[in-house]
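So the structure is just underneath, and the comments pick up after that.
The values are calculated or read from the model by the stated rules, or taken from the named source; none is laboratory data. The model shown is predicted, which means the values in this text are computed figures rather than measured ones. Cβ coordinates were reconstructed from backbone atoms using ideal geometry, including for glycine residues, and neighbour counts include every protein chain displayed.
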Amino acid sequence: MMNRFKTITYMISPDGYIFSRVGSEVAIPVIDFDGMKPENNYEIKHNLEKFDVLTVAREVGHCIGTRKIPIEVKNHHRKFWGMKELKQKETA
């Protein structure tokens, strides 16, 4: 019987980028060079892309697993993986 629920694991690279892993795939932020234009002052943006964990094993091996990720970043990764977003906790 297959598990219906996905488990997401977050990692921080030595450069400070946040990766996420679900099963045998890893989401890594990749620079969108095509989006860098004079109109936006060559702003650097990243798009998440899926990679097979064995393909990026060297990079993932240098990452540190963590749960302490801002909720906005978690939700960005969760949306990428097709998961339901987490709700913000209200502060009193």
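This table checks each residue for (1) surrounded by 11 or more Cβ atoms within 10 Å (Cβ to Cβ); (2) not in a loop (DSSP other than H, G, I, E, B).
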site	(1), (2)
D15	no, no
R58	no, yes
R78	yes, yes
M83	yes, no
K87	no, no
Open item on the list: Among the residues in segment 18-40, are any in contact (Cβ under 8 Å) with a residue 60 or more places away in the chain and touching a Gly at 6+ places or on another chain (Cβ under 8 Å)?
Closed with: no
Open item on the list: Can you confirm whether K74 is within 13 Å of S20 (Cα to Cα) and surrounded by 12 or more Cβ atoms within 10 Å (Cβ to Cβ)?
Closed with: yes
Task: Filter result for the condition that a residue is under 21 Å from L86 (Cα atoms) and of a type in the set (G, A, S), over G65, G16 - done: G65
Task: Identity of the residue in segment 11-46, acidic (D, E) and modelled with pLDDT under 95, that ends up nearest to I64 (Cα to Cα) - done: D15
